[in-house]
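Here the structure is laid out as structure tokens; the discussion comes afterwards.
The values are calculated or read from the model by the stated rules, or taken from the named source; none is laboratory data. What you see is a predicted model, and the numbers here were worked out from it, not measured in a lab. Every residue, glycine among them, receives a Cβ derived from its backbone with ideal geometry; neighbour counts consider all protein chains shown.
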Amino acid sequence: MANFIDAMDSANYVTAELEKPMGIVFEENGVKEGGGIFVMDLKEDGVAAKEGTAAIGDQLVAVDGKKVYGMDFDDALGAIIASETEKTKLLFFRGPPDQFYGPTGASEEWLTEFLGKS
């Protein structure tokens, strides 16, 4: 498979610790893509764009160490809103939804262990 991005390789994940408002526009993946939300856009003058840690197309995996992958838009975004830390820690998979949620994506066991380490 050309352009394969291994969802069970920690090198394909990026952590961003950002103050709110972050300047990230999230969008929901379609049901056939597995759900969850991804970075649709970065506001030019936003914290995320200035820090350069989040990128358009990144899949949101966890917020402050709690898994949000596969959640619907309101629940995943709600986890960010509910964060009361000065900087909210976001974990992103740097790849398309089919390679995170699809048959070649990370197993639940691998993700649970990976989140425990991060």
### Message
Within the stretch 40-48, does at least one residue satisfy the condition of being farther than 23 Å from G116 by Cα, of a type outside the set (A, V, I, L, M) and in a helix (DSSP H, G or I)?
### Response
no
### Query
Which is modelled with pLDDT under 95 and closer than 25 Å to K117 by Cβ, of G57, G34, G30?
G34
### Task
Give me a count of the residues in the stretch 76-118 that are farther than 25 Å from E51 by Cα, among the acidic types (D, E) and exposed (fewer than 14 other Cβ atoms within 10 Å of the Cβ).
3
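Given the criteria on the phi < 0 side of the Ramachandran plot and surrounded by 14 or more Cβ atoms within 10 Å (Cβ to Cβ), does T53 qualify?
Spelling it out, T53 is indeed on the phi < 0 side of the Ramachandran plot and surrounded by 14 or more Cβ atoms within 10 Å (Cβ to Cβ).
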## Note on the structure
Expected single match for more than 17 Å from P103 (Cα to Cα), out of contact with any strand residue (DSSP E or B) (no Cβ under 8 Å at 6 or more places or on another chain) and not in a loop (DSSP other than H, G, I, E, B) among A76, A11 is A11
### Query
Looking at T53, is it in contact with a Leu (Cβ under 8 Å, 6 or more places away or on another chain) and β-branched (V, I, T)?
yes
### Message
As an exercise: evaluate A16 against (1) part of a strand (DSSP E or B); (2) under 23 Å from N3 (Cβ atoms) and give the number of the one condition it does not meet.
### Response
(2)
### Query
Can you tell which of V14, V25 is at pLDDT 95 or above, β-branched (V, I, T) and under 19 Å from F114 (Cβ atoms)?
V14
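For the stretch 64-73, check the following and say yes or no: at least one residue is of a type outside the set (S, T, N, Q) and more than 14 Å from the chain's Cα centre (by Cα).
Looking only at the stretch 64-73, we keep the residues that are of a type outside the set (S, T, N, Q), and these are 64-73.
In the following step, the residues that additionally are more than 14 Å from the chain's Cα centre (by Cα) were identified as none.
No, every residue in the stretch 64-73 fails to be of a type outside the set (S, T, N, Q) and more than 14 Å from the chain's Cα centre (by Cα).
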### Message
Going residue by residue through the stretch 22-39, is there one that turns out to be in contact (Cβ under 8 Å) with a residue 60 or more places away in the chain, part of a loop (DSSP other than H, G, I, E, B), in contact with a Leu (Cβ under 9 Å, 6 or more places away or on another chain) and of a type in the set (G, A, S)?
### Response
yes
#### Entry: When residues of the stretch 1-25 are limited to those that are within 14 Å of A49 (Cα to Cα) and touching a helix residue (DSSP H, G or I) at 6+ places or on another chain (Cβ under 6 Å), the one surrounded by the fewest Cβ atoms within 10 Å (Cβ to Cβ)
E19
